[in-house]
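In what follows, a structure is listed as structure tokens, so that the remarks can point back to it.
The values are calculated or read from the model by the stated rules, or taken from the named source; none is laboratory data. Worth saying up front: this structure is predicted, and the values here are computed from it rather than measured. Quick reminder, even Gly has a Cβ in these numbers, built from the backbone with ideal geometry, and neighbours come from all protein chains shown. SASA here: full protein model, heavy atoms, side chains in, ligands and nucleic acids out. Shrake-Rupley method; radii C 1.70, N 1.55, O 1.52, S 1.80 Å.
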Amino acid sequence: MPDVTTRTAPSLRLSEVFRSIQGEGELAGTDSLFVRTVGCNLRCVWCDTPYTSHAPERGERVTVEELGERLLAEDCEHIVLTGGEPLLTPGVVPLTHALREAGRHVTIETAGTVFRPVAADLISLSPKLSNSTPAGRRAARHEATRDAPAVVARLLAEFDSQLKFVVEGPDDLPEIERWLLDHNADRSRVFLMPQARTSAEYARLAPAIRRLAEEGGFRFGPRLHVARWGDRRGV
Ligand code: SF4
């Protein structure tokens with residue numbers, strides 16, 4: 001398992017910091033401060049932040065201390081670390097500990113392929129199904145990386161977690177059922193979310209995914225930011 005618990009770094013590469021509503025999961029609608037790191041070990045075909053994964057931008061190099069001060073200066077209880085894959089970045093460990101010590105609620109949005117001993121109130125785990133695999137030369141590496149059972153087991157055991165699956169249609173359901181069985185995961189914490197990058201795609205697919213979720217005993221996972229802003233950055 002890629003456990004990288006012993007290394008920490010004083011800085012991290014930042015794609016953006018912005019304040020918006022949480023669009024997904026149990027905290028949907030909550031005023032939140034988002035911290036997006038650069039870099040991802042996956043290459044999902046429908047990635048909605050390619051500037052952190054397929055074509056990663058350089059980003060802003062900030063020290064953990066600077067970033068912590070910047071975040072705590074905002075009067076915002078909920079802080080969300082997202083990416084890319086935020087757990088690739090060693091600096092998230094001291095950052096999350098400092099934020100929680102200061103009384104902030106910390107959510108980490110991760111695909112669950114890397115473990116770090118962060119401090120988090122909620123791990124928002126979005127396992128990547130086979131519908132995420134790109135064609136061509138990136139397929140093999142993505143396939144080999146997207147499911148890391150030992151990492152998932154540790155995240156589920158050590159943190160309060162929710163599960164968000166990006167779904168295109170009924171063909172995805174058997175794979176989700178298998179995943180839940182394999183990982184002995186709590187079905188009541190599972191959200192099915194429409195695979196959409198624009199408001200129009202979301203409006204088209206959301207009713208069908210809502211029906212699938214209801215029929216399968218899952219929760220429908222809204223994507224409020226996609227419904228409202230599509231793939232616009234900084235919102
Ligand atoms: S894990 Fe997230 S950031 Fe990385 S490629 Fe997939 S959708 Fe994009």
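Can you tell me which of ARG138, ARG154 is more than 15 Å from the chain's Cα centre (by Cα), surrounded by fewer than 21 Cβ atoms within 10 Å (Cβ to Cβ) and modelled with pLDDT under 95? Break it down stepwise before answering.
Values: ARG154 fails: modelled with pLDDT under 95.
The match here is ARG138.
Check whether at least one residue in the stretch 141-151 is within 24 Å of GLU26 (Cβ to Cβ), within 16 Å of the ligand (Cβ to nearest atom), open to solvent by less than 10 Å² (accessible area, probe 1.4 Å) and touching an Asp or Glu at 6+ places or on another chain (Cβ under 9 Å), and report yes or no.
Yes, the stretch 141-151 contains a residue that is within 24 Å of GLU26 (Cβ to Cβ), within 16 Å of the ligand (Cβ to nearest atom), open to solvent by less than 10 Å² (accessible area, probe 1.4 Å) and touching an Asp or Glu at 6+ places or on another chain (Cβ under 9 Å).
Would you please name the residue that is farthest from GLY29 (Cα to Cα), looking only at residues in the stretch 208-221 that are open to solvent by less than 60 Å² (accessible area, probe 1.4 Å) and touching a helix residue (DSSP H, G or I) at 6+ places or on another chain (Cβ under 8 Å)?
Step one: of the stretch 208-221, the residues open to solvent by less than 60 Å² (accessible area, probe 1.4 Å) are 208-209, 212-213, 216-218, 220-221.
Within this subset, residues satisfying the condition of being touching a helix residue (DSSP H, G or I) at 6+ places or on another chain (Cβ under 8 Å) are 212, 216-218, 220-221.
Values: LEU212: 23, GLY216: 24, GLY217: 23, PHE218: 20, PHE220: 14, GLY221: 12 Å.
Residue satisfying both the conditions and the ranking: GLY216.
Based on what the data block shows, is PHE191 within 17 Å of ILE123 (Cα to Cα), open to solvent by less than 70 Å² (accessible area, probe 1.4 Å), within 17 Å of the chain's Cα centre (by Cα) and in contact (Cβ under 8 Å) with a residue 12 or more places away in the chain?
Yes.
Determine, yes or no, whether ALA150 is more than 18 Å from LEU122 (Cα to Cα), out of contact with any strand residue (DSSP E or B) (no Cβ under 9 Å at 6 or more places or on another chain), part of a helix (DSSP H, G or I) and among the aliphatic types (A, V, I, L, M).
Considered against the rule, which asks whether it is more than 18 Å from LEU122 (Cα to Cα), out of contact with any strand residue (DSSP E or B) (no Cβ under 9 Å at 6 or more places or on another chain), part of a helix (DSSP H, G or I) and among the aliphatic types (A, V, I, L, M), ALA150 comes out as no.
The rows are residues; the columns are (1) β-branched (Val, Ile, Thr); (2) more than 15 Å from the ligand (Cβ to nearest atom).
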| residue | (1), (2) |
| --- | --- |
| VAL80 | yes, no |
| GLU101 | no, yes |
| PHE115 | no, yes |
| LYS128 | no, no |
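For residues in the stretch 49-67 being within 16 Å of the ligand (Cβ to nearest atom) and surrounded by 19 or more Cβ atoms within 10 Å (Cβ to Cβ), which is farthest from ARG228 (Cα to Cα)?
The selected residue is SER53.
Name every residue in the stretch 77-102 that is of a type in the set (S, T, N, Q) and modelled with pLDDT of 95 or more, in order of residue number.
Selection gives THR82, THR96.
Any chance you could count how many residues in the stretch 82-99 are within 13 Å of the ligand (Cβ to nearest atom), closer than 17 Å to ARG154 by Cβ and in contact (Cβ under 8 Å) with a residue 40 or more places away in the chain?
Residues meeting the conditions: 3.
Condition test on ALA227, is it among the small types (Gly, Ala, Ser), within 18 Å of the chain's Cα centre (by Cα) and open to solvent by 20 Å² or more (accessible area, probe 1.4 Å)?
Here the answer is yes, as ALA227 does meet what is asked.
Take the residues in the stretch 216-235 that are among the small types (Gly, Ala, Ser) and not in a loop (DSSP other than H, G, I, E, B); name whichever of them is nearest to ALA196 (Cα to Cα).
Within the stretch 216-235, the match that is nearest to ALA196 (Cα to Cα) is ALA227.
Would you check which residues across the stretch 37-46 are crowded, with 20+ Cβ neighbours inside 10 Å and within 20 Å of GLN195 (Cα to Cα) and list them?
Selection gives CYS40, LEU42, ARG43, CYS44.
Of the residues LEU205, LEU173, LEU180, only one is touching a helix residue (DSSP H, G or I) at 6+ places or on another chain (Cβ under 7 Å), open to solvent by 20 Å² or more (accessible area, probe 1.4 Å), assigned to a helix (DSSP H, G or I) and of a type in the set (A, V, I, L, M, F, W, C); which?
None of the others qualify; the one that does is LEU173.
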